[in-house]
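Undergrad: First, the structure itself, so that you have it in front of you.
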Amino acid sequence: MLEIKNLHAYYGPIEALKGIDVSVANDSITCLIGSNGAGKTTLLKSISGMIHRTGSIELDGLGEITGKNSRQIARAGLIHVPEGRHVFPGLTVRDNLETGTINWHGFFGRQSYRDELEEVYALFPRLKERENQLGWSLSGGEQQMLAIGRALMARPKVLMLDEPSMGLAPLVIAELFEKIVEVNRTRHIPILLVEQNARLALDISDQAYIIDGGRVILEGKAADLKHDDRVVQAYLGKFAAGQ
Ligand code: ATP
């Protein structure tokens, strides 16, 4: 579905990505794991055209998108849920969700987006209950639901989620990750997931890439990497192998 080859990205003179190859298969959840500063967020930003990069990014049905800007990439259906959620604090939940439609609906579109809204409310009933509440007043977990809901309003072909668990309590994370799996399994949307919580990411993913120093240092089936000694020692802790 999404094929990335030899991707390089720079912040001024600093080379943050040093030739990354990653592919996201149809219907799969693929995760990127790595320590702080490894380049995970940079990779998502590069894919969605937010920073300058070279190399090749191909999206099924659209071909090469490396020359396109972030607006065109969002229009193509590659939808990025950024680290930190970036909910609009002064807009209601419903208006935040409406902003997600802009890539296909435009600012003054007259098409209905009721179906998309109903689907998001069915997935996250809490958002329906909070429909008229302002973004700033939501809890962290609700803001993450809203950020994912807004991305679903954009009719994604591929979803990229950056650190959805960040700052959330374990029970909230468990609920949220169930929803992420549901989106993937029932709506058949491939997901590229960046996650600090390696165990959680490997548990729900089909494929995994370990990133370090702007390079992929290991890749494979998530179920296999969970038991790989190098992954266990560096990212899961010594009691993780049998869990
Ligand atoms: P984290 O989990 O801490 O978010 P990450 O794997 O997502 O880490 P990135 O944020 O992609 O890492 O950072 C990769 C490298 O690029 C780091 O060395 C970081 O210092 C550098 N970097 C990131 N953003 C910028 C920026 N705006 N300007 C300069 N350097 C940056």
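Undergrad: Taking R0 as 22 Å, what FRET efficiency do you get between ASP60 and TYR11 from their Cβ-Cβ distance, rounded to the nearest 0.05? Walk me through the intermediate numbers first.
TA: Details: r = 30 Å, r/R0 = 1.34.
Rounded to the nearest 0.05, the efficiency is 0.15.
Undergrad: For the modelled label position 7 Å from the Cα of ALA223 along Cα-to-Cβ, which residues of region 21-41 have backbone nitrogen atoms closer than 18 Å?
TA: 25-31
Undergrad: If you find the alpha carbon centre of region 54-105 and of region 150-193, how far apart are they in angstrom?
TA: Measuring centre to centre over Cα atoms gives 15 Å.
Undergrad: Let me ask something additional. Out of residues 5 or more away from GLU15 or on other chains, whose amide H comes under 5 Å of its own, with H placed 1.01 Å from N in the peptide plane?
TA: Close amide H contacts, sequence-distant or interchain: none at all.
Undergrad: I'd like to know how the chain sits against the 2.2 N^0.38 Å rule of thumb: what's its Cα Rg over that expected value? Show your work: numbers first, answer last.
TA: Values: Rg = 17.6 Å, N = 243, 2.2 N^0.38 = 17.7 Å.
The value comes to 0.99.
Undergrad: What's the longest bit of the chain with no exposed trypsin sites (Lys or Arg not before Pro), using DSSP loop states and at most 16 other Cβ atoms within 10 Å as the test? It would help to have the intermediate numbers written out before the result.
TA: On the way: sites that count: ARG110, LYS238.
Longest site-free region, per DSSP loop and neighbour criteria: 111-237.
Undergrad: With everything on Cα atoms, drop me the angle between helix 114-123 and the longest principal axis of the chain, reported from 0 to 90° to the nearest 10.
TA: 50 degrees
Undergrad: With every protein chain present, what is the per residue accessible area of region 125-240 (1.4 Å probe, Å²)?
TA: Values: 5320 Å² over 116 residues.
Per residue, region 125-240 has an accessible area of 46 Å².
Undergrad: Rounding to the nearest 10 and keeping the result within 0 to 90°, find how far the Cα-based axis of helix 170-187 lies from the longest principal axis of the chain.
TA: The angle comes out near 80 degrees.
Undergrad: Now a separate question. Could you list which residues have their amide H under 5 Å from that of ILE29, counting only those 5 or more apart in sequence or on another chain, with H placed in the peptide plane?
TA: ILE191, ASP206, GLN207
Undergrad: Sticking with this one: THR92 to ARG187: extension gain in nm, 0.36 nm per residue of separation minus the Cα-Cα distance? List each step's numbers first, then the result.
TA: Numbers: separation 95, 0.36 × 95 = 34.20 nm, distance 2.59 nm.
Between THR92 and ARG187, full extension yields an extra 31.6 nm.
Undergrad: Ignoring ligands, DNA and RNA, what percent of the 1.4 Å accessible area of region 1-130 is carbon and sulfur? All intermediate terms of the calculation are to be shown ahead of the outcome.
TA: Values: 3180 of 6470 Å².
After summing per-atom areas, the C and S share lands at 49 percent.
Undergrad: Once label points are set 7 Å from the Cα along Cα→Cβ at both GLU129 and MET166, what is their separation, rounded to one decimal in nm?
TA: The two pseudo-label positions are separated by 2.7 nm.
Undergrad: Taking chymotrypsin sites (Phe, Trp or Tyr not before Pro) as candidate sites, keep only those in a DSSP loop with at most 11 other Cβ atoms within 10 Å, then name the longest stretch of the chain containing none of them. Intermediate values should be presented prior to the final figure.
TA: On the way: sites that count: PHE107, PHE108, PHE239.
For chymotrypsin sites (Phe, Trp or Tyr not before Pro) (loop position, at most 11 other Cβ atoms within 10 Å), the longest site-free span of the chain is 109-238.
Undergrad: May I pose another question? Give the angle, between 0 and 90 degrees and rounded to the nearest 10, that separates the Cα long axis of helix 140-153 from the longest principal axis of the Cα atoms of the chain.
TA: Orientation of helix 140-153: about 80 degrees from the principal axis.
Undergrad: Using a probe of 1.4 angstrom, how much of the accessible area of region 167-229 is carbon and sulfur, in percent?
TA: Values: 1510 of 2970 Å².
Percent of accessible area from carbon and sulfur atoms in region 167-229: 51.
Undergrad: Only Lys, Arg, Asp and Glu count, each charged at its Cβ (+1, +1, -1, -1), so figure out the dipole size of region 22-103 about its Cα centre, rounded to 20 debye. Provide the component values of the computation, followed by the final result.
TA: Numbers: 8 positive and 7 negative charges, 55 e Å.
Magnitude of the dipole: close to 260 debye.
Undergrad: Oh, and also: Among LEU78, GLN143, THR54, which residue has its Cα positioned farthest towards the positive end of the charge dipole of the chain, with +1 placed on the Cβ of Lys and Arg, -1 on the Cβ of Asp and Glu, and the dipole taken about the Cα centre?
TA: THR54
Undergrad: Here is a follow-up. Return, ordered by residue number, the residues of region 40-81 whose backbone nitrogen is under 14 Å from a label point located 7 Å along Cα→Cβ of SER23.
TA: Within reach of a label on SER23, which here means backbone N under 14 Å from a point 7 Å along Cα→Cβ, region 40-81 contributes 57-61.
Undergrad: Could I ask something else about it? With n ≥ 4 as the cut-off for DSSP H runs, can you work out [θ] at 222 nm for the chain, using -39500 (n - 2.57) per run divided by the number of residues, rounded to the nearest 500?
TA: -9500 deg cm²/dmol
The values are calculated or read from the model by the stated rules, or taken from the named source; none is laboratory data. Values in this document were obtained by computation on a predicted structure and should not be read as measured data. Neighbour counts run over all protein chains shown; Cβ positions are idealised from the backbone, glycine included. Note: accessible area is taken over every heavy atom of the protein model, side chains too, but ligands, DNA and RNA are not part of it. Shrake-Rupley method; radii C 1.70, N 1.55, O 1.52, S 1.80 Å.
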